[in-house]
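Notes follow the structure.
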Amino acid sequence: MLCEKCNKNNATIHFTKIINGQVEERHLCETCAKENNELEFNFEVPFSFEKLFTGLIDSIQEDPGKRKDITCPKCGLTYKKFQEVGKFGCAKCYEVFRKDISSLVKGIHGHNTHQGKVPIKTKDKVIQKKAIESLKMELEKSIEKEDFERAAYLRDEINRLREKLGEI
Amino acid sequence: MVKWLEGIGNDEDVVVSTRLRLARNMANYRFPYFMTKDESEALTEEILNGMKDNVYDIPYKFYRIRDLSDIEKNVFVEKHLISPNLAKKADSGSFLIRNDERATIMINEEDHIRIQVLLPGLDFEEGWKISSKIDDFLEGKVEYAYHEQFGYLTSCPTNVGTGLRASVMVHLPCLSMTGHINTIIEGITKIGLTVRGIYGEGTKASGYLFQISNQTTIGESEKEIIKKLNRVVLQIISRERSTRAYMLDKRNHQIEDMIFRSLGILKYGRIISSQEAMNHLSNVKLGCDLGMIDNIDSKDIVNLMIKIQPASLQKTLNKELTYEERDVYRAKLIRENIRSLEG
Ligand SMILES: [Zn+2]
Ligand SMILES: [Zn+2]
C-alpha cells in the first residue's frame, strides 16, 4: 500500500483517528506522518476536554529537538512557552505559529477553518477588496482600449478604496 | 426570584436554562494571561467607553472583582451570572450585567471579552439573537482579533473559531434513577458534545442537574452548532419525559413516596447540607413537574436551589457562617421558603 499523502513511499504507519465519533483510517509513510504531526493526534476524544488538551500538548513536547523555537514579535511568547501554559499571548501569535496551530486546532476540533460569523468590518473589507480587484481588471481593459480618461478615473478610484482599507 | 429565571420558557419541566457564551479578544492588547495591570486597565476603560453609547439595549451595571467581597462575588457565580474563573481575577477582572440579568459581559476572564446570555427554559434561537447583537455592537466599538482562517482568536485553542459555547442545564431525575443517563452521556460525547454535573464534583451531578454543551468551536457555523445541540436536547427531553411516564405507571407509589418524603424533610428538617438539600429539592421539583405537588411552582424550587448555595445563604444573613451554622441556617431558610411557597 502506498502512502496516501505523497503516493510515493510505502505506507508503513497505519492508524485510526477518531474525532467527534468519526473514524478515519490513515495510511502514511514515516516521513509524511512525521511531517504532519499526524501521530500526535492518534487518540480518542475522552470525556474531559481539558485532559485531552493537556495530553495533546504533552505529546507535542515529546519531540522538542525537531522544532526550532519561534518567538512572537508582538508579545514575546515562544511556542515552547505556549506548550507549557496552553494559552496564546496575543492575536499575532496565531499568524506567527500558524502552521503549528493549524494542526493543533485540527487535532482538537477535527477542523481548522472557521465557518461562522464574520465581523461586519471584515465583511466590508472583503467586499471592498473584491471591488478593487474588479476595478483593476477594468483598468487593464481601458488601457488596452486606450481609453485613458476612463483609466485615469479608475486608477483614482482604486487608490481611494485602497486608502480606505489602509493599504496605502 | 433570580431575575433571569423570571418569565416563561420552553420545556421547563426538563430544561432549566439555556446559555450562550461568546469568547472575543481585542487585536491590540496581549491576551489576559500575559497582560500587565496597566494594559488590563486601559482595555477595561476602552470597553466601558464603548458601552456608554449602548443606548439601544437595556442598561448595564458595572462591577470590578476587586471591589466585591468573597461572598458578593460568589453570589454572582452561584446565580450563574459570572464564571468561577472570573471571580478569581481579583486584580484585573470586571463585568457588566444587564439589568434583566439575562446578559453579562465579562472582562479579562480567560479572554478579553466574554459575552454571556442566560435564558430560562430552552431557547437557543433567542439566546443567539441577543448575544450576536451585543457582539455586533462591541465590534463597532473595539478592534476584535479576527483571523481569516481561524475566525475569532482566543487565548486557548479550545475556543477558537466561533468562540461559542452553547449549553443547557437540564434536570434529568428519571434518566438518572434508571441509569439510562450513562448510555446517553456516552452517546453525547461521541458526537462532539460534553456533559457535566452542575454544582457537583466533576461529572457527578448534584440534584440530577446536568449541563450539556458543544465541545468543538471551529468548522461549523454558530447556527449549525446550535441546531445540532438543540436536536440532541429535544431527544433527551422526550426520553426523560417517557421515562417519567413509565415510572409513574410502574412505580407510582414508590415515586410518590420518594417525592413526599423529600418534601417532608425540607419542611421539617433542622440541619441540612447543600448536597442533601439539592437532592430533596430535585425530588420536589420532579413532584411539581409531574403535578403531584400542585401548590408549589417548579421554578420557585429552582430559585431555592440557588438560594441555599453557601455564598447566597450567607448573603441573605449578611454574615459569614461556619459549616455547622450554614447547615442549620439552610434548613431554616428552606422551611420558611417552602411554607411561604405553599401559601
Ligand atoms: Zn508519504
Ligand atoms: Zn503573540
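The values are calculated or read from the model by the stated rules, or taken from the named source; none is laboratory data. The structure displayed is predicted, hence computed values, not measured ones. When we count neighbours, we look across all protein chains shown, and the Cβ atoms used for this are built from the backbone with ideal geometry, even at glycine. All accessible areas refer to the heavy atoms of the entire protein, side chains included, with ligands and DNA or RNA removed. Shrake-Rupley method; radii C 1.70, N 1.55, O 1.52, S 1.80 Å.
See the values below:
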{"item": "Some residue of the stretch B:199-212 being open to solvent by 30 Å² or more (accessible area, probe 1.4 Å) and at pLDDT 90 or above", "result": "yes"}
{"item": "Extreme residue, nearest to B:Gln116 (Cα to Cα), among residues of the stretch B:58-70 that are among the hydrophobic types (A, V, I, L, M, F, W, C) and at pLDDT 95 or above", "result": "B:Phe62"}
{"item": "Residues satisfying the stated conditions in the stretch A:126-154, i.e. touching a helix residue (DSSP H, G or I) at 6+ places or on another chain (Cβ under 8 Å) and under 30 Å from B:Tyr146 (Cα atoms)", "result": "A:Gln128, A:Lys129, A:Ala131, A:Ile132, A:Leu135, A:Lys136"}
{"item": "Some residue of the stretch B:164-173 being within 22 Å of B:His280 (Cβ to Cβ), open to solvent by less than 10 Å² (accessible area, probe 1.4 Å) and part of a helix (DSSP H, G or I)", "result": "yes"}
{"item": "Listing of helices (runs of 4 or more DSSP H) fully contained in the stretch A:70-161 that carry 3 or more residues being open to solvent by 60 Å² or more (accessible area, probe 1.4 Å) and more than 9 Å from chain B (Cβ to nearest Cβ)", "result": "A:79-85, A:120-144"}
{"item": "Residues satisfying the stated conditions in the stretch B:135-163, i.e. open to solvent by 10 Å² or more (accessible area, probe 1.4 Å), under 30 Å from B:Ile8 (Cβ atoms) and more than 8 Å from chain A (Cβ to nearest Cβ)", "result": "B:Phe137"}
{"item": "Selection from the stretch B:97-123 of residues that are under 14 Å from the mean Cα position of the chain (by Cα) and either within 20 Å of B:Leu229 (Cβ to Cβ) or of a type outside the set (Val, Ile, Thr) (or both)", "result": "B:Glu101, B:Arg102, B:Ala103, B:Ile115, B:Gln116, B:Val117, B:Leu118, B:Leu119, B:Pro120, B:Gly121, B:Leu122, B:Asp123"}
{"item": "Any pair with Cβ under 6 angstrom, 6 or more apart, that starts in the stretch A:5-19 at a residue that is of a type in the set (Val, Ile, Thr) and modelled with pLDDT of 65 or more and ends at one that is open to solvent by 60 Å² or more (accessible area, probe 1.4 Å) and near ligand 1 (Cβ under 9 Å from one of its atoms)", "result": "A:Thr12/A:Glu30"}
